[in-house]
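Just below is one structure, and these are the notes that go with it.
Just so you know, all these numbers are worked out from the coordinates, no wet-lab data involved. Remember, it's a predicted structure, so these values are computed and weren't measured experimentally. In this analysis, Cβ positions are derived from the backbone assuming ideal geometry, glycine residues included, and neighbour counts consider all displayed protein chains.
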Amino acid sequence: MRKIDLKRLSSLQETALTAGAIAIAAAMLYIFLIEPSLSEINILKIQVRGQQNEIRNKLTQGMTTAKLIEDIKNVETKIDQLYSIYIPENRELELITYLEGIAAKNSIEQNIGINQIDIGSTYFAKIYLQIRAAGEDYAILRYLKDIEKSRYQINIIKADLLNSNKSAVLNISAEAFTIKQQYYGQTKP
């Protein structure tokens with residue numbers, strides 16, 4: 001290898017040598033300092049994005065949880081409304097009294113037969129009703145409409161209407177449901 005005498009170099013050669021030294025120094029600076037730093041920055045960037053996604057997911061889950069809690073409260077309100085149409089177990093007399101009130105309001109004579117049957121449900125039992133109502137035909141129709149608007153869920157299975165000279169007799173076979181006492185007024189059976 002040949003030695004270079006720096007004193008004999010022309011200014012063009014000195015400039016080229018200096019530029020080469022600077023290029024080598026810059027390359028070494030890039031390889032040993034900048035490249036590892038860039039790699040580290042990229043790794044940190046990926047980690048930050050991962051944490052952002054994780055936070056975004058947790059935020060979404062939090063919103064979902066809040067929405068779920070709100071939905072549960074809405075459903076509980078609807079369940080309470082649903083349960084209000086059932087007759088509390090062993091309080092069937094309330095239904096009979098209610099029907100007698102409808103009959104009195106419409107000036108109807110009424111006879112009620114009631115039979116409760118266990119349908120094998122943990123929560124409910126079925127009541128069969130036999131109702132005979134007699135009165136003026138328009139009063140009978142109002143009576144039937146009031147039963148239909150009842151706060152209790154009364155399902156009319158069969159209705160026979162016999163009328164003559166503005167008076168009528170209505171025979172109804174119907175069913176209603178009772179809710180077991182331990183579940184009445186509870187949101188969750």
To the nearest 500 deg cm²/dmol, what mean residue ellipticity at 222 nm is calculated for the chain from DSSP H runs of n ≥ 4 alone, each contributing -39,500 (n - 2.57), summed and divided by the residues?
-17500 deg cm²/dmol
For the chain, longest principal axis from Cα atoms; helix 92-105 axis from its Cα atoms; angle between them, nearest 10 degrees, is 60
When Leu68, Leu144, Leu161, Leu99 are ranked with the fewest other C-beta atoms within 10 Å first, the list becomes Leu68, Leu161, Leu144, Leu99
Any idea what angle helix 137-148 forms with the longest principal axis of the chain, computed on alpha-carbon atoms, 0 to 90 degrees, nearest 10?
30
With an 8 Å cut-off on Cα pairs and a minimum separation of 6 or more residues, tell me the relative contact order of the chain in percent.
21
Around Ile43, with a cut-off of 14 angstrom between Cβ atoms, what is the net charge of the other residues, counting Lys and Arg +1 and Asp and Glu -1?
0
Relative to the chain, whose Cα atoms define the longest principal axis, helix 11-29 and its Cα axis are tilted in degrees, nearest 10, by 30
Contact order relative to length for region 88-183, counting C-alpha pairs under 8 Å separated by 6 or more residues, stands in percent at 33
Find the all-direction average of the projected area of the Cα convex hull for region 88-183, expressing the result in square nanometres with one decimal place.
5.8
